[in-house]
Amino acid sequence: MMATTHALIGGAVVVLLTRFAPEMTPIAVTAALAGGVFPDLDLYANHRKTLHFPVYYWIPATLAVLVVALIPTTTTVAVAAFVLAAAVHSTMDVFGGGLELRPWLGTSDRAVYNHYRRHWIRPRRWIRYDGAPADFLLGAVGAVPVVTVTDGPLRTIVLGAVVVSGVYALVRKHLPDLATVIASNLPKPLRTHVPDRFVDVE
């Protein structure tokens with residue numbers, strides 16, 4: 001799924017948890033948007049394994065939520081929202097496509113790495129690939145509760161994420177061809193840092 005979808009769903013989850021403390025909503029949503037994107041920072045470094053923890057994120061997330069219940073400060077809320085969104089992201093990837101360059105072909109059996117079991121979880125493909133129409137719709141639905149409780153720059157960021165998602169969804173199936181052309185024409189020293197899936201035409 002798209003990073004924007006993960007961010008928006010993370011924000012939506014946190015909105016539900018801050019209904020009884022609306023004054024904490026802006027900091028919680030901001031942290032959740034960041035936490036929702038965070039795992040995908042491993043895109044070029046063993047993607048969905050280096051920063052994705054579908055099991056282990058839930059331990060600090062649960063503890064952080066308990067701390068918020070006891071000590072509801074901006075810091076504890078921000079930490080809890082960030083880690084919770086990262087946990088949701090890592091778990092959501094199980095229900096998306098695989099790691100191949102063209103995930104709509106369904107050739108990969110790797111969705112996200114389970115560090116506890118030490119194996120890759122296979123993709124369920126409920127959302128067939130990142131940028132699929134269903135992916136865009138999921139993110140747009142997640143944006144609704146976030147937009148209703150935010151305003152100013154934060155609301156603009158959320159709406160901007162929806163727009164970016166829509167544009168990405170429109171061009172998604174054209175990106176693999178562009179990626180392979182660019183990657184294949186990079187100087188050799190740079191090409192060694194590019195994941196194989198961006199170099200090899202499938």
- Message: List pairs: first residue in the stretch 45-58 and under 13 Å from HIS115 (Cα atoms) and of a type in the set (Phe, Trp, Tyr), second residue at pLDDT 95 or above and outside any loop (DSSP other than H, G, I, E, B) anywhere in the structure, Cβ distance under 6 angstrom, at least six positions apart or on different chains.
- Response: PHE53/SER90; TYR57/ALA86; TYR57/ALA87; TYR57/SER90; TRP58/ALA87
- Listed residues PHE20, PHE38; which is aromatic (Phe, Trp, Tyr) and without any contact (Cβ under 8 Å) to a residue 24 or more places away in the chain? PHE20
- Please find, within the stretch 182-202, the residue that is modelled with the highest pLDDT out of those that are surrounded by 11 or more Cβ atoms within 10 Å (Cβ to Cβ) and part of a helix (DSSP H, G or I). ILE182
- Restricting attention to the stretch 93-122, which residues are within 29 Å of VAL29 (Cβ to Cβ) and part of a loop (DSSP other than H, G, I, E, B)? GLY96, GLY97, ALA111, HIS115
- Residue check for TYR129: in contact with a Pro (Cβ under 9 Å, 6 or more places away or on another chain), crowded, with 18+ Cβ neighbours inside 10 Å, under 17 Å from ALA7 (Cα atoms) and of a type in the set (Ser, Thr, Tyr): yes
- When you go through PRO153, PRO145 one by one, which is the residue that is at pLDDT 90 or above, in a helix (DSSP H, G or I), of a type outside the set (Phe, Trp, Tyr) and surrounded by 17 or more Cβ atoms within 10 Å (Cβ to Cβ)? PRO145
- Query: Of the conditions (1) in contact with a strand residue (DSSP E or B) (Cβ under 8 Å, 6 or more places away or on another chain); (2) on the phi < 0 side of the Ramachandran plot, PHE53 fails just one. Which one is it?
  - Reply: (1)
- Query: Can you spot a residue in the stretch 121-132 that is touching a residue at least 40 places away in the same chain (Cβ under 8 Å) and farther than 22 Å from ALA12 by Cα?
  - Reply: yes
- Query: Assuming THR73 fulfils every condition listed in (1) free of Cβ contacts under 8 Å to residues at least 40 places away in the same chain; (2) surrounded by fewer than 18 Cβ atoms within 10 Å (Cβ to Cβ); (3) over 20 Å from THR30 (Cα atoms) apart from one, which condition is it?
  - Reply: (3)
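The values are calculated or read from the model by the stated rules, or taken from the named source; none is laboratory data. Keep in mind the model is a prediction, meaning the values are calculated, not measured. All Cβ positions, glycine included, derive from the backbone under ideal geometry; neighbour counts span all protein chains shown.
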